[in-house]
Amino acid sequence: MLMANSLTHIRPLTCAAATSAPRLVPQPRDLIKWVKTEGGFVHKYLKIAQGGDSFGLGLVASEDIPKGSDIIALPQHIPLKFWSENSLDDGAHSSLIKLAQHVPEELWAMKLGLKLLQERAKKDSFWWPYISNLPETYPVPIFFPGEDIKNLQYAPLLYQVNKRCRFLLEFEKLLKHELENVKPDDHPFGDQDVDSSALGWAMSAVSSRAFRLYGSKRPDGTRSNVPMMLPLIDMCNHSFDPNAEIVQEEKNGNSNILVKVVAGREIKQNDPLLLNYGCLSSDLFLLDYGFVIQSNPYDCIELRYDAALLDAASMAAGVSSPNFSSPSLWQQQILSHLNLDGQNSDLKVTLGGRELVEGRLLAALRVILSNDEDAVKQHNLEALNSLAVEAPLGISTEVSALRTVVALCVIALGHFPTKIMEDEWLLKQNVSPTTELALQFRIQKKSLIVDVMRDLSKRVKLLLAKESAP
Ligand SMILES: C[S@@+](CC[C@H](N)C(=O)[O-])C[C@H]1O[C@@H](n2cnc3c(N)ncnc32)[C@H](O)[C@@H]1O
């Protein structure tokens, strides 16, 4: 928690503008004009406006825009990438490359963030009109006060937040060490100090705004996958039901790839332009983007496949002597096929999302609770993994398996220190924006568990009704 506290404030660079999303400078350049001046295309009915409750700014149609229209097109030199066509091959660039080598692949946003910081520190950066339009702060958990990190109440997310905070603090030290004796001309940040707060700002700017798109062609004809910041396009807010999409268009062979936003359907006057950022869990939306989506259909909760816990859950569900802790040899073999047993097994399983119960967990429950080797061997793993395949090992095994999951849900809910009703009450008090996000997040997690329980209980009822039908 202390680590996160130390990242609570980013470098105070400017005074905040009177909008819900203060920008790096109070009156930045007109982004639409800049894109047009640089040879980009912007639809005449597009404007930047307040994006709705707590969305910050967004893009809005000032008149109806027909389906299929090009709305924005950026020529190749406008997106900000780690390797840009217009990067100078100088000492500062080589120092940046060296620093980037210390960033783990999973924190790719920090790598592009280094480039963003370099451009932010440059006096005459080509991208300054874009950078000055970026938000001054990001409501992501690495900047939450310690109390609100605790308020998230969900261990897998707390783990990720702490990991990112630890990385930023370590990286700050590494940067100081590596740049100690660098000549001012070779300094990647124009001889300016970069601390963990500035690194956190850059990492969050990238994680909340960058898109991974096709890069230039490799010699074998395939294209690399390159994260890039897309000025103006990144003013679009998110929806799982978007009205626009990003397409890449090759012009003149390989030399110029346009990145475009095209209307996926008619966009009515005053409608916001919305893109789908991806089918992501609520953990990623909060960690990378700093917002919480109500009833996210792609959210799930993580559990550990733990034999003792499963025995306890099964007994609570009415199974007389479950053998998760002592599976027979044939059951153990199936568990290793499911990667739930043996060296390097992956014991992280999930509930929720499209699958409702992760296939590997469902198959393990069915197999262990069945105890009938012949019956199990009549099915392939695909069938055992699927909730859509109803009761492959008989109704009584299926009921035991589903009830065990319901009991697991009860146990998981018990790990949260507060109940949904208490959280909802707290949300109605005058809480800070970060407390509000933490409360919304944990309400969503708990609601997801309740929804899984409700769905599975319904399935159990239907199965029992079928069993007792004449
Ligand atoms: C790519 S930027 C979009 C432009 C941004 N609203 C701005 O003011 O610059 C992504 C950020 O917009 C906000 N945002 C986008 N979609 C949202 C949504 N559906 N709900 C809440 N906030 C959203 C979040 O702060 C997110 O990190």
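The values are calculated or read from the model by the stated rules, or taken from the named source; none is laboratory data. Computed from a predicted model, the values in this text were never measured in an experiment. Quick reminder, even Gly has a Cβ in these numbers, built from the backbone with ideal geometry, and neighbours come from all protein chains shown.
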Item to check | Test: residue in region 217-230 that is within 16 Å of the ligand (Cβ to nearest atom), more than 29 Å from Cys165 (Cβ to Cβ), assigned to a loop (DSSP other than H, G, I, E, B) and of a type in the set (A, V, I, L, M) | outcome: no
Checklist entry - Does Trp34 count as at pLDDT 95 or above, more than 23 Å from the chain's Cα centre (by Cα), of a type in the set (A, V, I, L, M, F, W, C) and more than 14 Å from the ligand (Cβ to nearest atom)? => result yes
Checklist entry - Hey, does region 391-406 have a residue that's under 18 Å from Ala307 (Cβ atoms) and within 27 Å of the chain's Cα centre (by Cα)? => result yes
Next on the checklist: Suppose the filter is of a type in the set (D, E, K, R), in contact with a Lys or Arg (Cβ under 9 Å, 6 or more places away or on another chain) and touching a residue at least 24 places away in the same chain (Cβ under 8 Å); does Glu178 pass it?
Outcome noted: yes
Checklist outcome for this item: Expected single match for out of contact with any helix residue (DSSP H, G or I) (no Cβ under 8 Å at 6 or more places or on another chain), among the acidic types (Asp, Glu) and either surrounded by fewer than 17 Cβ atoms within 10 Å (Cβ to Cβ) or part of a helix (DSSP H, G or I) (or both) among Asp374, Asp423 is Asp374
Item to check | Scan of region 203-253 for residues that are at positive phi and either touching a residue at least 12 places away in the same chain (Cβ under 8 Å) or surrounded by 23 or more Cβ atoms within 10 Å (Cβ to Cβ) (or both), ordered by number | outcome: Leu232
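Collect the residues in region 431-470 that are without any contact (Cβ under 8 Å) to a residue 24 or more places away in the chain and more than 28 Å from the chain's Cα centre (by Cα), keeping them in residue-number order. I'd like the intermediate steps shown before the answer.
First, pick out the residues of region 431-470 that are without any contact (Cβ under 8 Å) to a residue 24 or more places away in the chain: 431, 436, 443, 454, 458, 461-462, 465, 468-470.
Listed by number, the residues that qualify are Lys458, Lys461, Leu462, Ala465, Ser468, Ala469, Pro470.
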Next on the checklist: If a residue must be among the charged types (D, E, K, R) and near the ligand (Cβ under 9 Å from one of its atoms), how many such residues does region 50-71 contain?
Outcome noted: 1
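Do we find that Gly318 is over 23 Å from Met235 (Cβ atoms), at pLDDT below 95 and within 31 Å of the chain's Cα centre (by Cα) in this structure?
Working: over 23 Å from Met235 (Cβ atoms): yes; at pLDDT below 95: yes; within 31 Å of the chain's Cα centre (by Cα): no.
Judged against the criteria, Gly318 is not a match.
Given the condition of a type in the set (Lys, Arg) and within 18 Å of Val357 (Cα to Cα), answer yes or no: does some residue in region 396-406 qualify?
To start, the set of residues in region 396-406 that are of a type in the set (Lys, Arg) comprises 403.
Next, only the ones that are within 18 Å of Val357 (Cα to Cα) stay: 403.
Yes, some residue in region 396-406 is of a type in the set (Lys, Arg) and within 18 Å of Val357 (Cα to Cα).
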Checklist entry - Got a sec? Which of Leu152, Leu134 is in contact (Cβ under 8 Å) with a residue 40 or more places away in the chain and closer than 29 Å to Ser224 by Cβ? => result Leu134
